[in-house]
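Let me begin by presenting the structure, written as structure tokens, before commenting on it.
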Amino acid sequence: MFKKSLLAVAAASMLTLTACGGTAGAGSAAGNSGDDKITMGFAQVGAESGWRTANTKSVQDSAKTAGVDLKFSDAQQKQENQIKAIRSYIQQKVDVIAFSPVVESGWDTVLKEAKTAKIPVILTDRAVDSSDKTLYKTFLGSDFVEEGKKAGDWLVKDSKAATDTVNIVEIQGTTGSAPANDRKEGFAEAIKADPKLKIVASQSGDFTRSGGKQVMEAFLKNNADIDVVFAHNDDEGLGAIEAIEAAGKVPGKDIKIITIDAVKDGMTALSNGKINYIVECSPMLGDQLMDLAKKVIAGESVPERVVTEETTFTQEQAKQVLASRPY
Ligand code: GZL
């Protein structure tokens, strides 16, 4: 739709376009079907966690504010559904496609189809492992290796006085996803600093609360002496808390818990002492996404990688900021 209106404009004012040296896609961020609205096809992972819900709201609210016509799909954490949604956006000739790849691999074919259709793609939140960097314009999201490292660095400091082995169980995120792979890598790298720190079990909880609870129940059954849980997101950590309490132990004391995200429920548990440390992962990507989309459609250059800013929270810090947290 955008391209037809551009061609119409080009035909009517070849001189102007030539004068400004514009090429297809350059010039104003005109929209589709003749009006100046941009149409974005957004293929969301699912609704698996508090983080995802906040991320969806951020994208939808920012699209409204930016005057972007948003077509939105929820893939229920299935790659085939995201691929179907992207193909449907190609058919609809949207101006730009944005998505958070549920897993890192298996995207080249559909991204090549978007490229052939001359529809730019923006990766948001999670990355793909494609070697062909021309398949997408930019990747906006957190540095997950850094997030895992921050979690591990805190544990190294917190365990300084320990004399015995510190037994860690790890509840991983969705198997094959960039955050699960990278958080695992960053955490393992950081805890190498102290040989007392040992990961005795590691399993995926699929970033959900029920997954975290089931995995923690199994860990408690199979490991007599667990000192720490490293959960790849708050929801898994909250599920682990349920399992720990059901086993008659005190979360945050008998078994320490470190998570990543810093959504409201996680920060509440942190302020109540049931979680010991949270590494923030911001879901508020909507405004930056809409800004990048407008630039891409206007033919402006954008950075290949935009890393979101984020921090960390102790129990004390959570008490101070909880009331003002936006999500
Ligand atoms: C991270 C995001 C992860 C969150 C989870 O950017 O992809 O997926 O950490 C969410 O809560 O399910």
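The values are calculated or read from the model by the stated rules, or taken from the named source; none is laboratory data. These numbers come from a predicted model, not from an experiment. Reconstructed Cβ throughout: ideal geometry from the backbone, glycine too, with neighbour counts over all protein chains shown.
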>> Give me the residue from region 304-319 that is in contact with a Phe, Trp or Tyr (Cβ under 9 Å, 6 or more places away or on another chain) and not in a strand (DSSP E or B) and, out of that set, farthest from residue 289 (Cα to Cα).
In response: 315
>> Report every pair of residues separated by at least 6 positions or lying on different chains whose Cβ atoms are under 6 Å apart, first residue within region 262-275 and closer than 14 Å to residue 321 by Cβ and assigned to a loop (DSSP other than H, G, I, E, B), second among the acidic types (Asp, Glu) and modelled with pLDDT of 95 or more.
In response: 262/280; 263/234
> Within region 69-125, which residues are among the acidic types (Asp, Glu) and on the phi < 0 side of the Ramachandran plot?
Replying inline: 69, 74, 80, 95, 104, 108, 113
> Taking interchain pairs and intrachain pairs at least six residues apart, which have beta carbon atoms under 6 angstrom, with the first residue in region 187-207 and without any contact (Cβ under 8 Å) to a residue 60 or more places away in the chain and the second hydroxyl-bearing (Ser, Thr, Tyr) and not in a strand (DSSP E or B)?
Replying inline: 196/165; 198/165; 204/175
>> So, residue 69, is that one among the acidic types (Asp, Glu) and under 15 Å from residue 121 (Cβ atoms) or not?
In response: no
> Taking region 276-293 as the region of interest, how many residues are within 15 Å of the ligand (Cβ to nearest atom), touching a Leu at 6+ places or on another chain (Cβ under 8 Å) and of a type in the set (A, V, I, L, M)?
Replying inline: 3
> Is it the case that region 241-249 has a residue that's surrounded by fewer than 20 Cβ atoms within 10 Å (Cβ to Cβ), in contact (Cβ under 8 Å) with a residue 24 or more places away in the chain, within 13 Å of the ligand (Cβ to nearest atom) and not in a loop (DSSP other than H, G, I, E, B)?
Replying inline: no
> Which ones in region 86-140 are out of contact with any Leu (no Cβ under 8 Å at 6 or more places or on another chain), within 16 Å of the ligand (Cβ to nearest atom) and either touching a residue at least 60 places away in the same chain (Cβ under 8 Å) or not in a loop (DSSP other than H, G, I, E, B) (or both)?
Replying inline: 102, 103, 104, 105, 126
> What tally of residues in region 171-196 results from selecting those that are surrounded by fewer than 23 Cβ atoms within 10 Å (Cβ to Cβ) and not in a helix (DSSP H, G or I)?
Replying inline: 7
